[in-house]
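First up is the structure itself, then whatever we jot down about it.
The values are calculated or read from the model by the stated rules, or taken from the named source; none is laboratory data. None of these values were measured; they are calculated from a predicted model. Positions of Cβ are backbone-derived with ideal geometry, glycine not excepted, and every protein chain shown enters the neighbour counts.
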Amino acid sequence: MITSLHNIITQFALPQVHLAANFSEITQEGINFTGTIEITNPNPIDIALKNLTANIETETGIQVGTVTLQGKMIPAKTTQQLTGGGWLLLKALDAKTLQMTLTGDIIIFVAGIRKSMNLSVSADLIPPRLERLLSDLPTEASLTGNYRYSLKEGLHDQITFKIKNPNNITLLATDITVKIYRVDGNKTRQISNGTLPDGITDQLQVVLRANITIQGFNQTIWIGVIGYQEFLFHRFSG
């Protein structure tokens, strides 16, 4: 029995562990994620896993998330899956890579003897992209223009841009640009800052482009909105 116990302990193989994470909802408090740990016990004896904690850090060593998982028995020659939920700090969005490290204890019970071993496994994760975390992209937008034309000063316009944010986080619109085009039949020409060129104009086309982001972060989502305004001014003849 002593020889058999010695052989079991010396020939014991550490369990095979696969780590993964699924990122879902984003709020002002952080990013909801689920950690999944798949564990295979290749040994002829049952083992127990306890005190399991998964930490997530950036490539610079800043901890941005953690999750504690319940311990579990892993029968001999079987594969079990453990899951646990947690939150990532928003600063994880700007990381180049994330490292998920699982630590815990492996408990072996043989012939009334309890033996404990340390478990530590790491895996690299790709940080979530902002557009994948948003429940719905802020595409419900509208453009309206209030145009005033005079022979002396030309065309003056006041553009109003409205956009609906259906997410549980405050978004910032940056790098907003607006271009106005005149549409003459099938021809579209950008209007300069001066007076309108001579010609019959059917419509004004307003093109707005902007980057949507979270305050203080580098990731952005590009959006573009095109609106049309009927040209109601009469052309003046000499």
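For every residue, the table says whether it meets (1) under 30 Å from residue 109 (Cα atoms); (2) touching a Pro at 6+ places or on another chain (Cβ under 6 Å); (3) in the same structural domain as residue 123 (by TED's automatic domain parsing).
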| residue | (1), (2), (3) |
| --- | --- |
| 36 | yes, no, yes |
| 46 | yes, yes, yes |
| 52 | yes, no, yes |
| 57 | no, no, yes |
| 65 | no, no, yes |
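Suppose we keep only residues that are out of contact with any strand residue (DSSP E or B) (no Cβ under 7 Å at 6 or more places or on another chain) and either surrounded by 14 or more Cβ atoms within 10 Å (Cβ to Cβ) or part of a strand (DSSP E or B) (or both) within the stretch 15-60. Which one would you say is modelled with the highest pLDDT? Only one residue tops the list, namely 43. The residues on offer are 89, 82, and the sole one that is surrounded by 12 or more Cβ atoms within 10 Å (Cβ to Cβ), in the same structural domain as residue 122 (by TED's automatic domain parsing) and in contact with a Lys or Arg (Cβ under 9 Å, 6 or more places away or on another chain) is 82.
Please enumerate the residues belonging to the stretch 177-230 that are outside any strand (DSSP E or B) and at pLDDT 70 or above.
Within the stretch 177-230, the subset outside any strand (DSSP E or B) is 185-186, 191-202, 214-220.
Matches in the stretch 177-230: 185, 186, 214, 215, 216, 217, 218, 219, 220.
Scanning the stretch 61-79 for residues that are in contact with a Leu (Cβ under 7 Å, 6 or more places away or on another chain) and crowded, with 17+ Cβ neighbours inside 10 Å returns 64, 65, 69, 74.
Give the residue, chosen from 159, 169, that is at pLDDT below 75, crowded, with 16+ Cβ neighbours inside 10 Å, aliphatic (A, V, I, L, M) and more than 30 Å from residue 10 (Cβ to Cβ). Give the derivation first.
Values: 169 fails: at pLDDT below 75.
Testing whether each residue is at pLDDT below 75, crowded, with 16+ Cβ neighbours inside 10 Å, aliphatic (A, V, I, L, M) and more than 30 Å from residue 10 (Cβ to Cβ) leaves just 159.
Give the stretch 108-151 a look and list any residue that's among the β-branched types (Val, Ile, Thr), modelled with pLDDT of 65 or more and more than 22 Å from residue 53 (Cα to Cα), or say none. Matches in the stretch 108-151: 110, 113, 144.
Within the stretch 62-71, the presence of at least one residue that is at pLDDT 90 or above, assigned to a loop (DSSP other than H, G, I, E, B) and touching a helix residue (DSSP H, G or I) at 6+ places or on another chain (Cβ under 8 Å) is confirmed.
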